[in-house]
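In what follows, a structure is listed as structure tokens, so that the remarks can point back to it.
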Amino acid sequence: DSELVIIGEFKAPSPTPTMKFYADLHWSMQTQRLALRVQSVVEDGNCGFRSIAHGLEALAKVGLWNRDGNGEGWQGIRKMLCDGLVRCQKRASEKELAKLYDLVLSGSEGREYLRQGSLRRASEQKRFAKYISTMRRDAAPYAATSKWTRFWCTDSELVAIATMENIAIVVVEATEDVNA
């Protein structure tokens with residue numbers, strides 16, 4: 001029984017001599033050489049879920065993933081996440097429940113609202129219910145507003161989806177900025 005804990009982001013170390021060949025290539029050439037394909041995704045706050053849906057659809061086409069009635073596209077991924085987290089909450093031991101709440105209710109990226117206003121002194125169960133209600137919704141109507149980040153697929157959602165579906169999710173973030 002292992003745990004995965006995301007402690008933050010960090011700059012990748014300098015490439016090793018064996019990776020020097022790839023490091024000298026523009027990122028788009030790196031992806032081609034590694035047999036990866038860049039896929040555009042609509043940037044509307046549902047993009048993380050869209051990316052996961054794209055990957056799972058590719059796995060489904062070759063028989064490596066079964067939808068199990070979750071629906072298609074990013075909406076199906078949001079539904080799968082929320083339904084799975086609610087099932088987890090219902091059957092979790094006290095210790096497991098504390099880990100679940102820590103996973104989805106902690107952090108600052110889009111989670112501050114769960115500790116403000118009427119939720120400031122709310123129970124974890126009430127915050128969790130609000131989180132689930134929020135995550136079930138389409139982010140697009142809130143694009144570029146102060147509420148937009150509440151709907152994003154963060155590291156927490158990636159871990160939850162990967163765990164529920166028993167898949168690996170690898171995030172590659174590319175930039176043209178050589179100093180990033």
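Here are some notes:
- Among the residues of region 140-172, the ones that are among the polar types (S, T, N, Q) and part of a helix (DSSP H, G or I) come to 3 in all.
- Spans of helices (runs of 4 or more DSSP H) in region 61-139 with at least 1 residues touching a helix residue (DSSP H, G or I) at 6+ places or on another chain (Cβ under 9 Å) and of a type in the set (Ser, Thr, Tyr): 94-105, 124-135
- Residue in region 158-165 that is farther than 21 Å from LYS99 by Cβ and touching a helix residue (DSSP H, G or I) at 6+ places or on another chain (Cβ under 8 Å) present: no
- Test: residue in region 136-146 that is of a type in the set (Val, Ile, Thr) and free of Cβ contacts under 8 Å to residues at least 12 places away in the same chain: yes
- Pair list, Cβ under 9 Å, 6 or more apart: region 99-123 residue more than 17 Å from LEU85 (Cβ to Cβ), other residue acidic (Asp, Glu) and modelled with pLDDT under 90: GLU109/ASP155
- Of all the residues in region 118-138, those that are hydroxyl-bearing (Ser, Thr, Tyr), surrounded by fewer than 16 Cβ atoms within 10 Å (Cβ to Cβ) and in contact with a Phe, Trp or Tyr (Cβ under 8 Å, 6 or more places away or on another chain) number 0.
- When residues of region 115-141 are limited to those that are over 18 Å from the mean Cα position of the chain (by Cα) and hydrophobic (A, V, I, L, M, F, W, C), the one nearest to ILE161 (Cα to Cα): ALA129
- GLU96 falls short of the stated requirement of being surrounded by fewer than 18 Cβ atoms within 10 Å (Cβ to Cβ), among the charged types (D, E, K, R) and under 22 Å from GLY48 (Cβ atoms).
Yes or no, residue by residue, for (1) exposed (fewer than 14 other Cβ atoms within 10 Å of the Cβ); (2) under 22 Å from MET135 (Cβ atoms); (3) modelled with pLDDT of 85 or more:
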| site | (1), (2), (3) |
| --- | --- |
| ILE6 | yes, yes, no |
| ALA12 | yes, no, no |
| THR18 | yes, no, no |
| HIS26 | yes, no, no |
| VAL38 | yes, no, no |
| GLY45 | no, yes, yes |
| TRP74 | no, yes, yes |
| MET80 | no, yes, yes |
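- Subset of region 152-180 that is of a type in the set (Gly, Ala, Ser) and closer than 18 Å to ILE77 by Cβ - its residue that is modelled with the lowest pLDDT: ALA168
- Residue-level analysis places THR149 outside the set of residues that are among the β-branched types (Val, Ile, Thr), modelled with pLDDT under 95 and either loosely packed, with under 15 Cβ neighbours inside 10 Å or touching a strand residue (DSSP E or B) at 6+ places or on another chain (Cβ under 7 Å) (or both).
The values are calculated or read from the model by the stated rules, or taken from the named source; none is laboratory data. Remember, predicted model here, so these are calculated numbers, not experimental data. In this analysis, Cβ positions are derived from the backbone assuming ideal geometry, glycine residues included, and neighbour counts consider all displayed protein chains.
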